[in-house]
Amino acid sequence: MPETFEPKIVAFFCNWCTYLAADLAGTSRIKYAPNVRAIRVMCSGRVDPQFVLEAFAKGADGVLIGGCHPGDCHYQEGNYKALRRYELLRRLLNQMGIENERFRLEWISAAEGERVKTVVNDMVEKLRSLGPRVPPRRQEVA
Amino acid sequence: MKPKVAFYWCASCGGCEEAVVDLDETLLDVASAVEIVFWPVALDFKVKDLQAMPDGSILASFINGAIRNSDQREMAGLLRAKSQVVVAFGICAQLGGIPGLANLTDAAGIFAEVYRDGVTPQRLHRENGHSLTLPEFFDTVVSLDAVVDVDYYVPGCPPTPNIIRDAVSALLGAELPPKKAVLAPDKALCEQCPRKDTRPERLLIKEFKRPHQILADQQTCLLAQGLVCLGSATRAGCDARCIRGNMPCTGCFGPASRVRDFGAKALSAIASIADCNEEAAVQEVMNGLPDPVGTFFRYSLPSSLLGRRRMG
Amino acid sequence: MAREYKYLCSDPGQELIRQDIRDRNLDRIIVAACSPHLHERTFRQAVAQAGLNPYYFHMVNVREHDAWVHTDKTAATEKAMDLVRAAVRRVKWHVALEPRQVPIHPDVLVVGGGIAGIDAALTLANAGKHVYLVEREPTLGGHMAQFDKTFPTLDCAACILTPKMTAVKSHRNITLWTWSEVRQVEGYVGNFSVTVRRKPRYVLEDLCVGCLECIQACVYKQAKVPDAFNLGLGKRKPIYIPFPQAVPQVVVIDPETCIEFKSGKCKKTCVEVCAERNAIDFHQKEEIRNIQVGTIILATGFEVFDATKVPYYGYGLYPNVYTALEIERLVNASGPTGGEVVLRDGRKPAAVGIAHCVGSRDEHTNRYCSRVCCMYSLKLAHLIKEKTGAEIYNFYIDMRAAGKAFEEFYSRVAEEGVFFIRGKLADVYPAGDGDGRLILQAEDTLLGMVRKIPVDMLVLSTGLEPRSDASEVRRLFNIGCSREGFFLERHPKLAPVNTFADGIFMAGCCQSPKDIPDTVAQSGAAAAQALALIDAGVVELEPNTAHVLEDACSGCKTCLPLCPYQAISFVEEKRALINEVLCKGCGTCVAACPSGSIRQNLFEDEEIFEEIEGILTYA
């Protein structure tokens, strides 16, 4: 067990906004915490709740979905569907003992390289104080 | 020599046993085609009778109910050894079922709730030089295949007569289905629902209703009336009995094979068609689903990706 | 096998990949390097050249997302390992795919009739393509038509612009629709379906010959309506032409101020005088037109910074504080004062201050530099001095004279005796001398002292801003805006005229503030981009579409309302069917399908699950 707990965050970044924002953060050499691993999807609307649960089940301490701002989705409305699923899933995760800070949906546009840094750093800090997401003991059977 | 079959119940309500009995005349056909060697609810065989049988001498054991204590695990193991084929009978055995909702708490939590200030059962009780043991009560409910190798699954809460008939014929037939198959159609219930044509092509829901809140129309798609019907996420095979009884599907036939987590997919489908875009409106609409775990993971919590609530 | 090479995107790098594929019979390729947005295409091509289907390739971003943004080397390496592991697991599930090919409609839509739009339209029309040029105002010309002279040559703006405007009008390949706006855009690259709203002028364009007698004859003997072209400094009548060289030479009637519209009881002398041609039609209705084009060029220009946002400079408060564009109108011979630079009371100013960087380079207004203001401030200094002989004081922060012949122009203006004070104008207040003079106060940082200069007139060099409706307009075209609100380019260095929407390009100040030479360069670039697509004839679309598994779909209809492109239909067989041509590959229906019966190429559930598991292998 490392001395300071370093949370591992699985992120789903939409190709047209958040992924590009992260690229922009890169070209601008903006520095931020290394805890996020991004998976590229074309739209935040592609994010299936099964992916989120799989991430938590396999040991992620946090899951972050990054999409375009409302009204700006490259595919018109995908981010609205993401929002609807996120809200219901968040409530379900609460019932399952997974705190709100572990599952975030953020709107980050392609020009907001700086915001990638603030969101990631903020999430990492909050997760550090929450501690690791311990995968549930599936069974008490030998 | 008639093929030998066994029926057993683990953490269950008895409904699956009822389902077998309810086969009516078909039961007689079944009874005449096979020799039932173990069926605690109906026949007087003892465990030692089972233990005495040679391994693999039972053609098929139909085990229903989830696994939530050590006795159930042991019996499942015993039946597995004695059987060629083990069938997870009913959705509790397949996915954990309604008993699986206990995974929102743990053994201590359950005992505190049930026994309150009274006596909490102990595993071992000694009196007058005798000792009595109770099975170990697990913190976590699991499905049958978490403790033994399962060959086939028959879904349902309980499985419907036609599904049971089909399963038994499949097992008695010349060519066995592929291993690990769920013995029900691999399409969603909407396929065979009598109200299918009444679901609009552009259905978006402004407000979710619970069954006691409205007098549901007898002909129209229940989802279209705002009731959370999970038929679109649930396997077909039951002939839409609940819908014919004017109640929405709650998902007791489990998911199609292409889905990894029933509750997550059902949640995705229902949330996606909620008619709301602004933050406040989304909150409002989702307030109409006060118990997401109970709604979407009613039968499948133990076998879901998360499995159980993370206790503090 | 694994291999390390510093510049895989170079020719030798790509050859390495091709060689390895051939020699070792590789069937999956992963490159861990920069962003797929840069080189996914490059490597896919290399893979294809080696005889392997390009979609067996996957790219891992360990540069923009890792090496360039993290300082902890160990953590960054661990992250890279997680990402590569994820890719290795993912790529196993990749299948061979073919890109979709769609034909390109040869017609082009140019939105905006300023110099950018005009130039792009002419270039394309000369190349033999049919162009629709849609302009929101009643005439072509944009802001350039409002300028008097242009720096550094002091060419008369109208003289160099108007020939191009008439060329547009008379070009057989250009359909010019002024007083029109784009309402809706549907479709995708090569196949856009655009709805244009043609606003009613109440004058029939085909019949009006621009004799302007109706304006003479209008019952309003005096022009009373503030005139937008002259920024309210002049007046016009309800029936008007924006400026004398307007193209098309057709008058417009303003229903807000025309008596006939307001009361229905006008004598309609305008109609009388147009009796021969009968071009006036008070009942004209708006027209909705639908056009098909393959490419679109946005050239919607800029707006001037609103000087009322900096009230300490006194604009709107003191009568003789003007914006630079207002002074352009005063200086211009066809302007409201006939080219005389005079104060509100008609006197010639003896001292004029010009304040640079109003609404630019300022945390409180706009952070960016508007690029053209230093040069036009020099130009105005020269023109005002020439016309009035006044003492001119330019208050500047830096002198940005970077273009061709710009520095030389600066020297010339300095030699003409214009005063330069290196200090941002700090305060403006009345001199209190009864003549309406103002004191301009600033710290002259070269002299190291505070100056208080009395002037008769203050000119504010206002910056350039995006159009106020830029955020609505860009949604019409499904493109993005950058932080300050200008349209977002695909790459600031290498693709300044491309947007993130394939087939939609841009040129001029709608992308960022710039002068006329740079604008014209961009419109040429945008036209070239459009021509490249049109002449190629077809464009390849990424094959990341979704499809319904026929045997699995139960016909639950969950997906039908979720597709914003109406690509999913409910067929006779009572199941869903996705039209591959309309599908844009967002994947929303895939995530929503409750029975897992829709799959998406390149973004299969299994592929994403593998990425998740790969990332978390050591969690």
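Things worth noting here:
Quick grid of which residues meet (1) in contact with a strand residue (DSSP E or B) (Cβ under 7 Å, 6 or more places away or on another chain); (2) among the small types (Gly, Ala, Ser); (3) not assigned by TED's automatic domain parsing to the domain that holds B:Gly251:
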| residue | (1), (2), (3) |
| --- | --- |
| B:Ser70 | no, yes, yes |
| B:Glu74 | no, no, yes |
| B:Ala81 | no, yes, yes |
| B:Ala93 | yes, yes, yes |
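- Checked against the criterion of being exposed (fewer than 15 other Cβ atoms within 10 Å of the Cβ) and aliphatic (A, V, I, L, M), the candidates B:Val47, B:Val87 yield just one match: B:Val47.
- Residues that are within 7 Å of chain C (Cβ to nearest Cβ) and either among the small types (Gly, Ala, Ser) or assigned to a strand (DSSP E or B) (or both) within segment A:42-54 comprise just one, A:Gly45.
- Residue match in segment C:293-300 (condition: of a type in the set (Ser, Thr, Tyr), buried (at least 21 other Cβ atoms within 10 Å of the Cβ), part of a strand (DSSP E or B) and under 26 Å from the mean Cα position of the chain (by Cα)): yes
- Here B:Gly294 does not qualify as within 14 Å of chain C (Cβ to nearest Cβ), touching a residue at least 12 places away in the same chain (Cβ under 8 Å) and not aliphatic (A, V, I, L, M).
This table checks each residue for (1) within 10 Å of another protein chain (Cβ to nearest Cβ); (2) among the small types (Gly, Ala, Ser).
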| residue | (1), (2) |
| --- | --- |
| C:Tyr565 | yes, no |
| C:Ile568 | yes, no |
| C:Arg575 | yes, no |
| C:Glu580 | no, no |
| C:Lys584 | yes, no |
| C:Thr588 | yes, no |
| C:Gly596 | yes, yes |
| C:Asn601 | no, no |
| C:Glu611 | yes, no |
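- Residue in segment C:476-483 that is without any contact (Cβ under 8 Å) to a residue 60 or more places away in the chain, out of contact with any strand residue (DSSP E or B) (no Cβ under 8 Å at 6 or more places or on another chain) and either within 14 Å of chain A (Cβ to nearest Cβ) or not in a loop (DSSP other than H, G, I, E, B) (or both) present: yes
- Given (1) modelled with pLDDT of 95 or more; (2) in contact with a helix residue (DSSP H, G or I) (Cβ under 7 Å, 6 or more places away or on another chain); (3) over 21 Å from C:Val194 (Cα atoms), number of the condition C:Ala158 does not satisfy: (1)
- Where C:Lys514 falls short, out of the listed (1) assigned to a loop (DSSP other than H, G, I, E, B); (2) closer than 23 Å to A:Asp72 by Cβ; (3) within 14 Å of the chain's Cα centre (by Cα): (2)
- Pick from segment C:541-563, criterion within 14 Å of chain B (Cβ to nearest Cβ) and of a type outside the set (A, V, I, L, M, F, W, C), ranking: surrounded by the most Cβ atoms within 10 Å (Cβ to Cβ): C:Ser554
- Any hit, segment B:155-168, residues being more than 30 Å from B:Asp29 (Cβ to Cβ) and in contact with a strand residue (DSSP E or B) (Cβ under 9 Å, 6 or more places away or on another chain): no
- Test for C:Glu64: is it in a helix (DSSP H, G or I) and in contact with a Ser or Thr (Cβ under 6 Å, 6 or more places away or on another chain): yes
- A count restricted to segment A:55-90 and to residues that are at the interface with another protein chain (Cβ under 7 Å from one of its Cβ atoms) and part of a strand (DSSP E or B) stands at 1.
- Test: residue in segment C:524-540 that is crowded, with 23+ Cβ neighbours inside 10 Å, touching a residue at least 40 places away in the same chain (Cβ under 8 Å) and within 14 Å of chain A (Cβ to nearest Cβ): no
- Filter result for A:Ala33 (part of a loop (DSSP other than H, G, I, E, B) and more than 7 Å from every other protein chain (Cβ to nearest Cβ)): yes
- Residue count, segment B:88-108 (criterion: over 30 Å from B:Ile163 (Cβ atoms) and in a helix (DSSP H, G or I)): 2
- Within segment C:447-475, restricting attention to residues that are in contact with a strand residue (DSSP E or B) (Cβ under 7 Å, 6 or more places away or on another chain) and among the charged types (D, E, K, R), the residue that is farthest from C:Gly353 (Cα to Cα) is C:Arg474.
- Residue count for segment B:109-165, restricted to those that are within 14 Å of another protein chain (Cβ to nearest Cβ) and either among the hydrophobic types (A, V, I, L, M, F, W, C) or in a strand (DSSP E or B) (or both): 11
- Output for segment B:274-285, where each listed residue is surrounded by fewer than 22 Cβ atoms within 10 Å (Cβ to Cβ), among the aliphatic types (A, V, I, L, M) and within 9 Å of another protein chain (Cβ to nearest Cβ): B:Val282, B:Val285
- Segments classed as strands (runs of 3 or more DSSP E), wholly inside segment C:547-619, with at least 2 members that are closer than 17 Å to A:Val41 by Cβ, modelled with pLDDT of 95 or more and of a type outside the set (A, V, I, L, M, F, W, C): C:598-600
- All told, C:Glu181 falls short of being surrounded by fewer than 21 Cβ atoms within 10 Å (Cβ to Cβ), closer than 30 Å to C:Asn126 by Cα and at pLDDT below 95.
- Positions within segment C:411-433 being small (Gly, Ala, Ser) and not in a loop (DSSP other than H, G, I, E, B), in sequence order: C:Ser411, C:Ala414
Quick grid of which residues meet (1) of a type in the set (D, E, K, R); (2) more than 10 Å from chain A (Cβ to nearest Cβ); (3) in a loop (DSSP other than H, G, I, E, B):
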residue: C:Thr71; (1), (2), (3): no, no, yes
residue: C:Ala86; (1), (2), (3): no, no, no
residue: C:Arg89; (1), (2), (3): yes, yes, no
residue: C:Gln101; (1), (2), (3): no, yes, no
residue: C:Ala121; (1), (2), (3): no, yes, no
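- Members of segment B:47-89 that are β-branched (Val, Ile, Thr) and away from chain A (no Cβ under 14 Å): B:Val47, B:Ile58, B:Ile63, B:Val85, B:Val86, B:Val87
- Taking (1) under 15 Å from the mean Cα position of the chain (by Cα); (2) touching a residue at least 40 places away in the same chain (Cβ under 8 Å); (3) within 14 Å of chain C (Cβ to nearest Cβ) in turn, A:Pro132 satisfies each apart from (1).
- Taken together, the residues in segment C:35-45 that are more than 17 Å from C:Leu97 (Cβ to Cβ) and modelled with pLDDT of 95 or more amount to 1.
The values are calculated or read from the model by the stated rules, or taken from the named source; none is laboratory data. Since this is a predicted model, take the numbers as computed values, not measurements. Every residue, glycine among them, receives a Cβ derived from its backbone with ideal geometry; neighbour counts consider all protein chains shown.
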